[in-house]
Amino acid sequence: MHRQADILTELTELFREIFVNDEITLTPQTSAADLPGWDSMKHIEIIIAIEQKYAIRFSSRQVEALRSVGDLVAAIDQKLT
Amino acid sequence: MNAIALAPATSLLVDFGHGGNSDAFTREGWRGGEPRHRWSVGARNVLVLPPLAGGRRLALTVECDPPHPPSVRQDLALEFNGVALGVLQPRRGVPQRFLLPDGLVNNAGDNTLVCLNPQFANPADAAKVALAWRRLEVAPDDSTLFDQPELLPELKDVAAIPLQAVLGLYQSLGQNCELGIFQRRYGAEPIGLLRFTSIFPDRLVHGLRAGFAGVEAADQLSLVAARPGGELMGRQASYGLSYHTFKLEGAVDVAAMKTKEAQRLGYLARLFVEQLENDEKIFVRRGDFEAEGEIRALHQLLRVYNPRARLLLVQEAAERAGRVERLAPDLYRAYLSSFADPADVPATIAYEDWLKICATLYLDQAALGRVAPA
């Protein structure tokens, strides 16, 4: 859980960079519906950035299943384990 | 005395059992005959077949069993005269068939079939025997896809279907953005290289053959608005992709966007190939690929990635709107009352027809065990 909290913090920084918005605050429940501009293209940009940052790789099925920040955190945590 | 040139064979049967004729055709990668079969050995098995008559479509049928008990999964990548033909997944007692595309067969010289088996294995046997080959046949294929298409039961009520999950099963092979926009309307957002893309048939064929390798090359990408302040359209030159970015000129830094777009295309190409290899989607092409030869060739290209690749072709025919036909295993055709008007796609999509088609085929696939039931 401690690591997931760290991941959430790191993702917040990542999202702020990608969306060019320092006001963004993420919770595990945050999804595309909550963040204007988080469309399918932005989603791929986020996934690419996550893969590069953590040196991990998601499968096609995993990418489509990642719908919320909580999903992202859990998936990253699982990959890092 | 002059050598007599034999006429190319119109059909060929190779019997791998003891007393059969396989010695004439096997080259590297084989072990001596068993009573009813012959073992392939190692990672590369080669057969050299005689000249085969052209002018007719030919089918290659292989009967090949895994060792018993099965050790590890062994899929064979088949190459015919240097061209990838598909993947053979040996199953006991189940012949597997591959069409030999027009122009691939050599009628004036030998024809070479190479079987690549990187997972060759039979741990209990130091000889590394892999698979038990029983028969190989090359014969004319006179069947047509359109003789007796099987009409799938028509779905009357789509209300009970979880649309987002169902519609996410389908992946566009380009032509235009109609399927992508239809999916978006009902909240389905499958990740797809060609989802909002227009690509001509010959470029699609080229892309599938190449796995869209190099699509991320930045010098092949441009972002252009048809009019000042209009939507930026992505144009990828090497594969002839033209796609929506849904971003307006003036609202974004085009240079920065171009760098990200190139990266995104490369990533999507990787996922696209994965979807093809893992049989994750039903691939959909709308409008073109109507002639049987074109349809077969397109399906065969998908089957190079996975022998069970599924292809849905969508045509326009008002009297058959919403119907789905099975033309062959894993090959389907369906009908819309009309295609969307390119000038105003979202407003002119035949949504009800698409819903019926997608739900009908989804239930068929669920009944076949190819997807989780809705």
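The figures follow:
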| quantity | calculated |
| --- | --- |
| Sites B:Q148 and B:A24, calculated FRET efficiency, Cβ-Cβ separation with R0 35 Å, nearest 0.05 | 0.40 |
| Förster radius 22 Å - calculated FRET efficiency between B:A367 and B:R91 (Cβ-Cβ, nearest 0.05) | 0.60 |
| Principal axes of segment B:216-374: Cα extent on each, largest first, Å | 49, 34, 34 |
| For segment A:36-81, fraction of C-alpha pairs farther apart than 11 Å, in % | 67 percent |
| Magnitude of the charge dipole, segment B:137-181, Cβ model with Lys/Arg +1 and Asp/Glu -1, debye to 20 | 400 debye |
| Ellipticity estimate at 222 nm from DSSP helix runs (n ≥ 4, -39,500 (n - 2.57)) divided over chain A, nearest 500 | -20000 deg cm²/dmol |
| Cα pair count fraction exceeding 14 Å, expressed as % - segment B:233-288 | 67 percent |
| Centre separation in Å (Cα based) which lies between segment B:273-316 and segment A:1-52 | 35 Å |
| Evaluated over the protein assembly as shown, the Cα radius of gyration and Dmax, each in Å | 25.2, 91 |
| Cα centroid separation, segment B:141-216 to segment B:10-32 (Å) | 41 Å |
| Spin-label pair B:T348/B:R185, simplified geometry with 7 Å Cα→Cβ offset, distance in nm | 1.4 nm |
| Where labels lie 7 Å past Cα in the beta-carbon direction, separation of B:R56 and B:D219 in nm | 5.0 nm |
| Chain lengthening between A:Q62 and A:T9 when straightened (0.36 nm per residue, less Cα-Cα) | 16.9 nm |
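Bear in mind these aren't lab numbers, they're just calculated from the coordinates by the rules spelled out. Everything quoted here is computed from the prediction, not taken from an experiment. Cβ coordinates were reconstructed from backbone atoms using ideal geometry, including for glycine residues, and neighbour counts include every protein chain displayed.
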